[in-house]
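What follows is calculated from the coordinates using simple rules that are stated; it is not laboratory data. What you see is a predicted model; the values in this text were computed from it and never measured. Cβ sites come from the backbone with ideal geometry, for glycine too, and all protein chains shown count toward neighbours.
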Amino acid sequence: MTDKVVEKVAVQTEESRSQSRRAFLKGGAAVAGGVLFTQAASAREIQFDPKRAVAPYAGREEITTVLQDQSARKALGWGVRQYPYGMPSPFEKEVQRRTLEWLTPDSMASITMTPLQSLHGMITPNGLHFERYHGGGININPDEHRLVIHGLVERPLIFTMDDLKRFPAESRVLFAECPANGAMEWKGVQLNSVQWTHGMMSCVEWTGVRLSTLLKEAGIRPEGTWLIPEGADASGMARSIPVELGMDDCMIAYAQNGEALRPENGYPIRLVVPGCEANMWVKHIRRIQVTDKPLQHREETSKYTELMPDGTVQNMSFYMEANSVITYPSPDFKMQGPGRYVAKGIAWSGRGKVDHVDITFDGGRNWTEAKLTSAVLPKAWTRFELEFDWDGSELLMMSRTTDETGYVQPNMPQMREIEGTNNVYHRTAMVTWKIHAHNSEFGGMIENVQF
């Protein structure tokens, strides 16, 4: 947790005054996505009080001095091509991918996490996209790389990179999320940062060729019902994917955010399986075998399976369900006194578009609908915001998203009731940020709690 100073918003805009409120379901209980959800309280209106908004600044001396020229105004800067490939400002050096050294035995099969608390908008910069290695990072010469499609096909094919780029291209903004995102929170709170609780995911624009286009070129035989994509790294990463899923909206991507894939993200090509577990997005993909049954590979038996309370194992879960998180205020920041703030965050669903996001400040007794502030795209991050006045008292903040299928993000007790505490995958429950009262021992600090 840091003492990072954050800017308060003391003036309400006309836009914020007209924020809509959702009428909540009344009476009984609602079932969505197989999870039981309790009755939602009616939304509470937040009244704007100008006197209270400016109260934190009472007694402070008004700044009337002339703005002084700083050193940058007194000397010329550097010339063009000093940095042929642009890099972030050195003042942003703390914004970087990070890992927990104790999380895995070594760095060859490990992960780094995206600093969600420091990002803006829908797109994750390429240099901050989370990393997940199963056999270490590699560099592959694209001139030597090949993609083979074989097995139960009419015409086995071999594609070069030039071949793939001759096909019609498609670009889509999509999130990629490790199914172990938030795994450490199943049994209780472990860490105090959005980067640790939700950082095993990113959202970028992917460009490539539709997988269905290539499969049609090869011609799948009627008995071919499964695809087995395999990577070129040392782990021999492979997953089983139903043909109907591969023929839907999957792609072979060769670019992210307008440039070639980064090596840590599968250069020169990777499979993209929108809305599904990121381990299915096989990096450095070198072949796709068409078979009549799933492979039952290591990564879908001993790994990426869900141990249920009755001792059975659930695998082939594929889709990442609706989820959301408030990235500000969050444990990475500290409140700077009573006043007006804007709660900001991201929501997403592997089943399609986000329909709406609700926020509570009292642990779930009352909910208010947030405003969606970005483009709302299927299987992509959607930004949301909600202005609120903090009077300095203790708050319990949570966000809850509902996607276009009607699935409602559950709370942690509801997830544990169904899946127990031995699972490490697909934890999509709401998280709770406790804002300590301004006049308390931990005044203004924000803590990850489970409520």
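Cross-link list Lys74/Lys334; Lys303/Lys379; Lys353/Lys434; Lys283/Lys379; Lys93/Lys334; Lys303/Lys344: which exceed 31 angstrom alpha carbon to alpha carbon? Over 31 Å apart, Cα to Cα: Lys74/Lys334; Lys303/Lys344. In percent, rounded to a whole number, the relative contact order of the range 111-314 is 26, using alpha-carbon pairs under 8 Å and six or more apart. The simple Förster model, with R0 at 35 Å and r as the Cβ-Cβ distance, assigns Tyr57 and Asn139 a FRET efficiency of 0.05.
The gain in end-to-end length when the Ala234 to Glu92 segment is fully stretched comes to 47.7 nm, 0.36 nm per residue minus the alpha carbon separation. Within the range 175-200, list the residues whose amide N lies under 13 Å from a label point set 7 Å along Cα→Cβ of Phe442. Backbone N within reach: 189-193. Each of Val290, Val189, Val272 was scored by other Cβ atoms within 10 Å of its Cβ. Arranged with the fewest first, they read Val189, Val290, Val272. Straight-distance candidates among the lysines for linking to Lys216, with alpha-carbon spacing under 18 Å and chain neighbours fewer than 8 residues away dropped: Lys165. Placing +1 on the Cβ of every Lys and Arg and -1 on the Cβ of every Asp and Glu, with nothing else charged, gives the range 111-314 a dipole about its Cα centre of roughly 220 debye. A protection proxy built from the mean count of other Cβ atoms within 10 Å ranks the segments 119-128, 371-380, most packed first, as 371-380, 119-128. This model, with +1 at the C-beta of Lys and Arg and -1 at the C-beta of Asp and Glu, gives the chain a dipole about its Cα centre of some 420 debye.
When the helices of the chain are scored as -39500 (n - 2.57) per DSSP H run of n ≥ 4 and the total is divided over every residue, the value at 222 nm lands at -2000 deg cm²/dmol. Expressed to the nearest 5 percent, the antiparallel share of DSSP beta bridges inside the chain is 90 percent.
Ordering Ser171, Ser202 from the fewest to the most neighbouring beta carbons within 10 Å gives Ser171, Ser202.
Measuring r between the beta carbons of Arg298 and Leu191 and using R0 = 25 Å, the FRET efficiency lands at 0.35. Looking at the range 111-314, the DSSP beta bridges with both ends there are about 90 percent antiparallel. I'd like the FRET efficiency for Val449 and Glu101, computed as 1/(1 + (r/R0)^6) with the beta carbon distance as r and R0 of 30 Å, rounded to 0.05. The calculated FRET efficiency here is 0.75.
Extension gain, Thr213 to Gln314: 0.36 nm times the residue separation minus the Cα-Cα distance gives 33.2 nm. Rounded to the nearest 20, the size of the Cβ-charge dipole of the range 70-211 about its Cα centre is 460 debye, with Lys and Arg at +1 and Asp and Glu at -1. Relative to a virtual label point 7 Å from the Cα of Glu154 in the Cα→beta-carbon direction, which members of the range 185-217 show backbone nitrogen distances below 15 Å? Only 213-217 fall inside the zone, counting backbone N under 15 Å.
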